[in-house]
1. Filter LYS104/LYS149; LYS90/LYS147; LYS61/LYS138; LYS61/LYS177; LYS26/LYS143; LYS138/LYS177 down to the pairs with a C-alpha to C-alpha distance above 32 Å, please.
2. Would you mind ranking LEU155, LEU8, LEU19, LEU42 so that the residue whose beta carbon has the fewest other beta carbons within 10 Å leads the list?
3. Classify the stretch 131-225 as rounded, prolate or oblate from the Cα gyration tensor: take a ≥ b ≥ c as the square roots of its eigenvalues, call it rounded if a/c is under 1.5, otherwise prolate when a/b beats b/c and oblate if not.
4. Restrict the search to the stretch 32-95; then list the GluC sites (Glu not before Pro) that DSSP places in a loop and that have at most 15 other Cβ atoms within 10 Å of their Cβ.
5. Quick one: helix 194-207 against the long Cα principal axis of the chain, what's the angle to the nearest 10°, folded into 0 to 90?
6. Could you tell me how many degrees, from 0 to 90 and to the nearest 10, lie between the Cα long axis of helix 108-123 and the main elongation axis, the longest principal axis, of the Cα atoms of the chain?
7. Starting with the fewest neighbours, write out SER17, SER62 ranked by other beta-carbon atoms found within 10 Å of each beta-carbon.
8. Helix 14-26 sits at what angle to the longest principal axis of the chain, using alpha carbons and giving 0 to 90 degrees rounded to 10?
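No lab work stands behind these numbers, since they all come straight from the coordinates. This structure is a prediction, so every number in the text was calculated from the model and none was measured. Virtual Cβ from ideal backbone geometry, glycine too; neighbours counted across all protein chains shown.
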Amino acid sequence: MYEGKRILIIEDDQEISRLLSVILEKANMEPVAAYSGTEGLLQIQNNMFDLILLDLMLPGKSGEELIGEIREMSSVPIIVISAKVDIENKVQVLKMGADDYITKPFHQEEVMARVEVQLRKANTQPEQSAEIGWRELKMNTEKRSVKLKEKELQLTIAEFDILTYFMNNPERALSKKEIYESIWKGTYYGDDNTISVHVSNLRKKISEITTEEYIKTIWGVGFMLT
């Protein structure tokens, strides 16, 4: 299903880079290796990729620096694979624009599952009406644009997709599991804080325009667009 997809692996550990390449090659994908942040950025500037697997502790440019520079030029999905296990690191890179985060050591099956989730998500075309509205939120799913009180909200890919799901299910309590599996069509890992981080980012961007609450936490369940 994903044969021929080009995946850039930015990882300075050659053994880990090779292992990731083998995982992707088994699925008939085309891995391309870069062993420093500088080399990775050069690859991105000169070639097209369907997805990026990114380490954070890199020579040249750090993974965090790369995420910021990549997001200025591309919306390509980024999965961070890092030995940094602190929740603060995960929160930081997700806020910067990464789409997912895997900690080392990793299971090969999980890497492949998450790669497929991001590729599936990138290839999914919106089935809803192009125009969606809720209170003073106005969304165009074809242009992937959102306005609140006529002011543009600058959202990441994940933030936009979550808000789209909320706006298609207003005033309904949605669990993190339901949100994740409905948007990314993959298995939800219960200890994953990805959804909470993206929702927090959404709230912050909304609060910069209005003091009115749009996303409510439903304790023990998840979130609701109100």
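1. Numbers: LYS104/LYS149 43 Å; LYS90/LYS147 28 Å; LYS61/LYS138 38 Å; LYS61/LYS177 34 Å; LYS26/LYS143 35 Å; LYS138/LYS177 26 Å.
Going by Cα-Cα distance, LYS104/LYS149; LYS61/LYS138; LYS61/LYS177; LYS26/LYS143 fall outside the 32 Å limit.
2. On the way: LEU155 20, LEU8 24, LEU19 16, LEU42 13.
In increasing order of surrounding Cβ atoms, one gets LEU42, LEU19, LEU155, LEU8.
3. On the way: a/c = 1.77, a/b = 1.46, b/c = 1.21.
Here the stretch 131-225 falls in the prolate category.
4. On the way: sites: GLU39, GLU64, GLU65, GLU69, GLU72, GLU88; in loops: GLU72.
Sparse-neighbourhood loop GluC sites (Glu not before Pro): GLU72.
5. 50 degrees
6. 50 degrees
7. Details: SER17 19, SER62 14.
With the fewest neighbours first, SER17, SER62 line up as SER62, SER17.
8. 70 degrees
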